[in-house]
Structures are given as C-alpha cells and as structure tokens.
Amino acid sequence: NACKPNHPNGVEEALIDVCDILESAAATAYESADQLDGSKRKLALGVVRLIELARKRVDDTLQLWPVSSHA
C-alpha cells in the first residue's frame, strides 16, 4: 500500500513529514503560478489551494493525535 507509513517513528512522524512535503509542493506551485497568466495561472493557483486543503487536513489530524511520549 503506497499510503502505509514506512517511517520508523510511526504514523505521527509520517504525517509531520507529509506536512513538510505539502508545504514544499505549495511553495513550488505558487512560484509557478507567479510565472503564468490567465487560465494557466488560475489552474496553478487551484493546485496551491488543493495542497493547502490537504495540509490543513493533516494539521487537523495531528492536533487530534495523542501526545507522543517522546515529546
């Protein structure tokens, strides 16, 4: 399963990694949008929005996650 965490510290650490990856993806898409005009810019900004929604979902999940014993 592609979504199965391979991270040695478990699901919480994997979600934190996903947050970092989504942040990089959003920055890349936003920078790309700055170089575009018209409908292509709108499309790139739509991708930014989808990434932001996914990151919010991960953030919300992490807020609900039990506090780890190593924190």
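Within region 12-32, not a single residue is of a type in the set (D, E), loosely packed, with under 10 Cβ neighbours inside 10 Å, out of contact with any strand residue (DSSP E or B) (no Cβ under 8 Å at 6 or more places or on another chain) and modelled with pLDDT of 85 or more. K40 meets the stated requirement of being at pLDDT 90 or above and among the basic types (K, R). Restricting the first residue to region 14-39 and requiring it to be in contact (Cβ under 8 Å) with a residue 24 or more places away in the chain, which pairs with a second residue that is surrounded by 12 or more Cβ atoms within 10 Å (Cβ to Cβ) and acidic (D, E) meet a Cβ separation below 7 Å and a spacing of at least six or different chains? Listed by first residue and then by second, the contacts come to C19/D59; A26/E52.
The values are calculated or read from the model by the stated rules, or taken from the named source; none is laboratory data. A quick note: this is a predicted structure, and the numbers were derived from the prediction, not measured. In this analysis, Cβ positions are derived from the backbone assuming ideal geometry, glycine residues included, and neighbour counts consider all displayed protein chains.
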